[in-house]
Amino acid sequence: MFKTKALAWVSGLLILLGTFGACSNKRADTAFLDLNTRILIHESTLGGGKNLKVSVMDKRRRNTLLKKDSERKIRSGRALVAKDYHPSLQLDTNFQQTAAEAFQLQGYATDGKGTGTSRELTIYITKLDLRLRKERTGSGALPQVQARLRSKIKVAAKNRGMSYGNEYEFFIKKSYSGLPEKIETEKILNYGLTQLLHQMLEDPRLAQFLTS
């Protein structure tokens, strides 16, 4: 009886250690990028103190921003990306806070203390896709690495029974003399999010819909 219990205990411990090891490896293969979306508009009275409820939803099909290369490439030393990169776990919360602050600068009341029936604006983050690739260079030149970011958001607005929708896309590519460091990858991500936010805020049709 004692021997059976001991074997069961050892088996359970091995399973636990294996699970812990798998989780540790998963964490080691994942990196998160800090978010710092900027607001590129000047303060105005466009919103006229009207109530505006802003919400953001992360609707990306793939939550990985930059996917690691295959194990075969990693073993051969040809890999550019050795781990998966994700935006911060609070991507939607962060973008919602920045968007709300931006609309406040435009004169809207996003805390429910404004005037009139509340307008609703839902922002869907639908694409954030970053890829790295080696660029061909001339003979004797140092190898270049090109980073490409494709980003997209979709908005759905409601105002007194009417609705408005639109999509905003942004693409950027940048070349580096070598593999970009984490801080450079964060700069590309935040620049893309900043440009999407700017496009939305500068959309005259959205502004007309929300202020009508």
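Only the coordinates and a few stated rules stand behind these numbers; no lab work does. None of these values were measured; they are calculated from a predicted model. All Cβ positions, even for glycine, are placed from backbone atoms using ideal geometry, and neighbour counts span all protein chains on display.
Some notes on this structure:
- Per-residue Karplus couplings for the range 159-170, computed as 6.51 cos²θ - 1.76 cosθ + 1.60 with θ equal to phi - 60°, are listed in order as 8, 6, x, 9, 9, 9, x, 7, 10, 10, 10, 8 Hz, Gly and Pro entered as x.
- Net length available on complete extension from Asn166 to Asp111 is 17.4 nm, with 0.36 nm assigned per residue and the Cα-Cα distance removed.
- Residue order, fewest to most surrounding Cβ atoms within 10 angstrom, among Tyr168, Tyr108: Tyr168, Tyr108
- Amide hydrogen proximity for Lys127: with H placed 1.01 Å from N in the peptide plane, the residues at 5 or more positions away or on another chain lying under 5 Å are Lys152.
- Beta bridge orientation in the range 31-211: antiparallel %, DSSP, nearest 5: 70 percent
- Size of the range 31-211 as Cα extents on the principal axes (Å, biggest first): 64, 28, 23
- Paramagnetic label zone (point 7 Å from Cα along Cα-to-C-beta, Gln208; backbone N under 16 Å) in the range 84-111: none
- Per residue, the convex hull around the alpha carbon atoms of the range 167-212 comes to 69 Å³.
- Contour excess over end-to-end distance, with Cα ends at His42 and Thr122 and 0.36 nm allotted per residue: 26.6 nm
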